[in-house]
1. Which of (1) touching a residue at least 40 places away in the same chain (Cβ under 8 Å); (2) within 11 Å of the chain's Cα centre (by Cα); (3) surrounded by fewer than 15 Cβ atoms within 10 Å (Cβ to Cβ) does THR1 not meet, given it meets every other one?
2. Please go through the range 14-29 and pick out each residue that is surrounded by 10 or more Cβ atoms within 10 Å (Cβ to Cβ) and more than 13 Å from LEU61 (Cβ to Cβ).
3. Report yes if GLY15 is at pLDDT 95 or above and either outside any strand (DSSP E or B) or touching a Phe, Trp or Tyr at 6+ places or on another chain (Cβ under 8 Å) (or both), otherwise no.
4. Restricted to the range 38-67, and to residues that are assigned to a strand (DSSP E or B) and open to solvent by 90 Å² or more (accessible area, probe 1.4 Å), which residue is farthest from ALA5 (Cα to Cα)?
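The values are calculated or read from the model by the stated rules, or taken from the named source; none is laboratory data. No experiment lies behind these values; they were computed from the predicted model shown. Cβ placement follows ideal geometry from the backbone for every residue including glycine, while neighbour counts extend to all protein chains displayed. Note: areas computed on protein heavy atoms with side chains; ligands, DNA, RNA excluded. Shrake-Rupley method; radii C 1.70, N 1.55, O 1.52, S 1.80 Å.
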Amino acid sequence: TNAAALIHLRACAAGDEAFIYHTGDEKAIVGLARVTRAAYEDPAQPGLNARGEPKFAVIDLAPLRAAPT
């Protein structure tokens, strides 16, 4: 639901690469992934914003590799 995060999610396109960030105790980038499906409406929270974009966007990712330590 973070506005800045949603802006970035909506801008993702298939083929883009993304970092996988662990937000637990480690707080570090732990891997690299590729976007396999651009932003679409979150099935758990459907709806569009005033611009016709998904109000809550999700993307599909495929893991590429672990990040070096």
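1. (2)
2. So in the range 14-29, the residues surrounded by 10 or more Cβ atoms within 10 Å (Cβ to Cβ) come out as 14, 16-22, 28-29.
Correct list: HIS22, ALA28, ILE29.
3. On the way: at pLDDT 95 or above: yes; either outside any strand (DSSP E or B) or touching a Phe, Trp or Tyr at 6+ places or on another chain (Cβ under 8 Å) (or both): yes.
Answer is yes for this residue.
4. Within the range 38-67, the first condition is being assigned to a strand (DSSP E or B), and the residues that meet it are 38-41, 48, 54, 57-66.
Now narrow it down to the ones that are open to solvent by 90 Å² or more (accessible area, probe 1.4 Å): 48, 63, 65.
Details: LEU48: 16, PRO63: 20, ARG65: 23 Å.
Only one residue tops the list, namely ARG65.
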